[in-house]
Each structure stands twice: as structure tokens, then as C-alpha cells.
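Just below is one structure, and these are the notes that go with it.
The values are calculated or read from the model by the stated rules, or taken from the named source; none is laboratory data. Being a predicted model, the structure only gives us computed values, none of them experimental. Note that each Cβ is placed from the backbone with ideal geometry, even for glycine, and that neighbours are counted across all protein chains shown.
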Amino acid sequence: MGDPSGRFVFFSFHYQRDIMRVQQIKNHYITKLGYQAAGYFDGSLSELAKTEGTVAVKRAINKGLPGASVTCVLIGAETYKRHWVDYEIFRSIELGKGVIGIRIHQLEDPRTGPDIAGPNPFDYLGYGGSDTTKTMVPHARYGDGWKPYRDADPISPSVAPYLAPGTRPILSSLFEVYDWVTDDGYNNFPNWIAKAARQAGR
């Protein structure tokens, strides 16, 4: 059994659609494993953006991330569409954190039951640029193709051991994605976190 001791996890997710499923993962992490969760659980980031602006959203995300060794993207039906999930992923990489994805659509929401599987968000994010040996520019794939993701900064490939200078990786080539139900997250979650932490040298 992998030991996530000292490896606090930042959970990234689609609040409106998946919060009831996310709470099951959070309760498992805290109740069964006995750890605290880094991250933003107090409400919807999109609502915060409407009321206080993007600077406030970035501040809220940035406040949670430093305490985490691994960012865990909880993937539901529409997670890949969430702008601030993209930011959390790119910012996690910028800080050299481990990153994994866990599909949660099969978990029961008491209101609606299980959901449909959504695309892998890591398929829609990557790095490019004119000189990727020195600077890798965050990109996102939208309906009309790949474009720079303006809310995240270019980074040096030296920030994380899973980045290779001179490459233009799509993030799905870097990070593992598991299914909470099919892959038995109840028992295997600590191993997944430990593996992601090791990949980041943590």
C-alpha cells in the first residue's frame, strides 16, 4: 500500500456537476486515510469569477496548491470544458507537482445517479512554443484547434522531471488516468498518489 503521508492532495473538478461525487472522494481521503485535503472546496470557482473576477479565482487556487504534492483531477462528464480546471493543471505543473486524473462518473449522485463518461481533460492540454528547450507555452485545444492558454504562464522544462526539453507534449502522454470504480480507488488511491508524487520527484 502506498503511503501518501505528507502528500496532501489538491482536488480539481467541475463543481456544479460533480460536487456530490467529489465529496465521496474527499470523505474517503479524510475519513479512511486520515489526511487533510488541500484545495478549494468552499464553492464554485465560476461563481467567484462572476462576483470577484479572475484575480480572485487565481488567488483562491494559488492559496491551496502550495500545500499539495499532487493535484488530482476528478474527471466527470464535462470536466474537460472547465477553464479553471485547466488553470489548476497548468499551475500545478508550473509548481512541479505530481498530477493524475481519476474518473468519477460511475459514482452515484443521490440526486441523479451515475453520469456518462467524459473526455480526458489531458487530451485537450499541452505545451508548445518556438523554443521549447527554454520555454514551454501552455496550450489548450478548443473547437477551432490548439491555442495558447492565456491565464497560465510559460514555463521552463526544468520545473518538473516529467517534462523533456525540446518536446511539445500533450498532457495525456504524461499523466495517468484511473477509474475510481473500475480500478478500485477505495483501496488503490494511496498507491496512485504515491506514484504521481514519485513521478514529480516528491
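Annotations for the structure displayed:
- Scope the stretch 58-86; condition part of a strand (DSSP E or B) and either of a type in the set (Ser, Thr, Tyr) or surrounded by fewer than 18 Cβ atoms within 10 Å (Cβ to Cβ) (or both); matching residues: Thr71
- Taking the criterion of being touching a residue at least 40 places away in the same chain (Cβ under 8 Å) and among the aromatic types (Phe, Trp, Tyr), the residues of the stretch 118-150 that qualify are Phe122, Tyr124, Tyr127, Tyr149.
- For the stretch 167-200, taking the residues that are of a type in the set (Val, Ile, Thr) and closer than 30 Å to Pro154 by Cα, the one that is modelled with the lowest pLDDT is identified as Ile193.
- For beta carbons closer than 6 Å, sequence separation of 6+ or different chains, a first residue in the stretch 101-117 that is more than 23 Å from Leu171 (Cβ to Cβ) and at pLDDT 95 or above and a second that is surrounded by 13 or more Cβ atoms within 10 Å (Cβ to Cβ) and among the basic types (Lys, Arg), the qualifying pairs are Leu107/Arg21.
- Residues that are within 23 Å of His14 (Cβ to Cβ) and out of contact with any strand residue (DSSP E or B) (no Cβ under 6 Å at 6 or more places or on another chain) within the stretch 123-137 comprise just one, Asp123.
- Those strands (runs of 3 or more DSSP E) of the stretch 117-188 in which 1 or more residues are surrounded by 13 or more Cβ atoms within 10 Å (Cβ to Cβ), among the hydrophobic types (A, V, I, L, M, F, W, C) and over 15 Å from the mean Cα position of the chain (by Cα) occupy 137-142, 145-148.
- Taking first residues from the stretch 57-82 that are of a type in the set (Ser, Thr, Tyr) and partners that are part of a helix (DSSP H, G or I), the Cβ contacts under 7 Å between residues at least 6 apart in sequence or on separate chains come to Ser69/Ala197; Thr71/Glu88; Thr71/Ile89; Thr71/Ser92; Thr79/Val85; Thr79/Pro121; Tyr80/Pro121; Tyr80/Tyr124.
- Those residues of the stretch 99-114 which are crowded, with 19+ Cβ neighbours inside 10 Å and not in a strand (DSSP E or B), in sequence order: Ile104, His105, Leu107
- Residue in the stretch 43-57 that is modelled with pLDDT of 95 or more, within 25 Å of Lys147 (Cα to Cα) and buried (at least 23 other Cβ atoms within 10 Å of the Cβ) present: no
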